[in-house]
Amino acid sequence: MAQLSIFKDFDGYSPKYHFFKNSLLGRIHDSIPWDELVACLPDERVGRGAPSWFGARGMFALMFLKAYFNISDRQLLERFNTDWSLQYFCGKVLSEDQQIKDMTIMTRIRAYIESHCEWEKLQETLINHWKYDVSNSHVLLMDATCYESYIRFPTDVKLLWECCEWVFESQLFSICSEYGIKRPRSKFREQKLAQMSYSRKRKNSFKETLRRRKALIYLLNKGIGQLQDILDKNKGAGLDLKDFARFGVIKKVCQQQEFLLANPPSKLKDRIVSLHKPYLRPIVRGKEKKPVEFGAKAHILQVDGLTFIDKLDFNAYNECTRLKLSVAKHKRFFGPVKQLGADRIYATNKNRVFCTGKKIFTCFPKKGPKRLSKAEKTLSSEISKQRATVMEGVFGTNKNFYGLGKIKVKGEKREKLMIFFGIMTANAVLIAKRREAKESPPKQKAA
């Protein structure tokens, strides 16, 4: 008599699928409105060529998984090849002889979502689906944070030297070698030795740094002129659009550094701090350890633990001006605000008058002779405590566990997309755990 296997498929049902559905990853999968997200992207193309590994649903699923596991693209795809739970999550179960070997899929997925969909539309879809799991929808908490980008700490000398290396070594010398043109005279080799000597020193004086900046600006100006002459004579010399865009950024860097050298110290609008990420701007935060951060500044709203983005920008802005718009956005999703928690920077006279007119109770410090009652003091203290603990805790959780500590991708829209998926993945985990707690029966106390 043949013995039946313990785990046997019947009628297309796999026991593995049952295990997946009862795991945390399966509950996260069930908390996400896949059909509404897929509707945000255009219909899949059907025609000649090899079929794509993932459809629209699989693309979104991989973006959520990358933020959930906080691993690199290669590690994610290697785990996908060997982990059936990730395959169930993406709706793409590989056969025994199948394996994804193309490790650039995630780059193309980010580029596709970035070019065909805006994160604001995706956020509205998710919030409209999750708002029914929110209980205290009348309480709104708000604060701002900065999601840093993965770059080396910028200095004027480093930035100028990177520009000089690109102009001379990456473009000018290679173009001259390719077209058989004699290299124009320059002091690049001498300045390269001087730069190595400067960078090896543990500490450089202000005069040495100033001397280095002047020499590099002079060298960069000369290199830009020589490269431009060769490009004009050889009709572009085979440079692609990315190289021309980079050349334009370098010209702007040279102009800005000349201005800063002639006008020290001075504030400069749209100052470029990274050659590879020219959209980054210095964000002055005023913290003791990090007075200046380089990344996207996000104004975050929170309702009963559910976090969503009000504004995400790489340029610095004052978050206190966003209070009225944030209240209006909350009303569109959850209804009118009755209680509001924010720090002291929001407590301007305009915001106080607005909240009084809308009958919104705030945790702002009291002004005027009229004192708060004992109940109002207790409520104000509780709102302040929730904002300072729960909301600040969410910022730390997202940065430490959902891939938002240092954003490594390049591109303004792409970085915003990674920040969005990190925050929404944390929300999906929260909703999944909350639904599980509601479904599970309460534990009975022992007699």
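The values are calculated or read from the model by the stated rules, or taken from the named source; none is laboratory data. Only a predicted model underlies this, so the values are computations on that prediction, with no experimental measurement involved. Cβ placement follows ideal geometry from the backbone for every residue including glycine, while neighbour counts extend to all protein chains displayed. Just the protein is used for accessible areas: all its heavy atoms, side chains included, with ligands, DNA and RNA removed. Shrake-Rupley method; radii C 1.70, N 1.55, O 1.52, S 1.80 Å.
Annotations for the structure displayed:
- Among the candidates LYS192, LYS235, LYS207, residue that is exposed (fewer than 14 other Cβ atoms within 10 Å of the Cβ) and in a helix (DSSP H, G or I): LYS207
- Checked against (1) assigned to a helix (DSSP H, G or I); (2) farther than 28 Å from ILE105 by Cα; (3) touching a Leu at 6+ places or on another chain (Cβ under 8 Å), LEU340 passes all but a single condition, namely (1).
- Neighbours by Cβ (under 7 Å, 6+ apart or cross-chain): first from segment 161-181, more than 22 Å from MET196 (Cβ to Cβ) and open to solvent by 30 Å² or more (accessible area, probe 1.4 Å); second part of a helix (DSSP H, G or I) and β-branched (Val, Ile, Thr): ILE181/ILE230
- Pair list, Cβ under 6 Å, 6 or more apart: segment 194-209 residue under 12 Å from LEU160 (Cβ atoms), other residue among the basic types (Lys, Arg): TYR198/ARG212
- The set of residues in segment 326-349 being touching a His at 6+ places or on another chain (Cβ under 9 Å) and under 27 Å from SER149 (Cα atoms) consists of SER326 alone.
- Identity of the residue in segment 87-109, closer than 16 Å to GLY55 by Cβ, touching a residue at least 12 places away in the same chain (Cβ under 8 Å) and not in a loop (DSSP other than H, G, I, E, B), that ends up most open to solvent (accessible area, probe 1.4 Å): TYR88
- Candidate set from segment 149-160 (those that are at pLDDT 90 or above and either in contact with a Pro (Cβ under 7 Å, 6 or more places away or on another chain) or open to solvent by 30 Å² or more (accessible area, probe 1.4 Å) (or both)); member that is nearest to LEU312 (Cα to Cα): TYR150
- The residue that is most open to solvent (accessible area, probe 1.4 Å), counting only those in segment 110-139 that are under 17 Å from the mean Cα position of the chain (by Cα) and among the charged types (D, E, K, R), is LYS121.
- Counting only residues that are of a type in the set (D, E, K, R), open to solvent by less than 40 Å² (accessible area, probe 1.4 Å) and not in a strand (DSSP E or B), segment 281-321 holds 2 of them.
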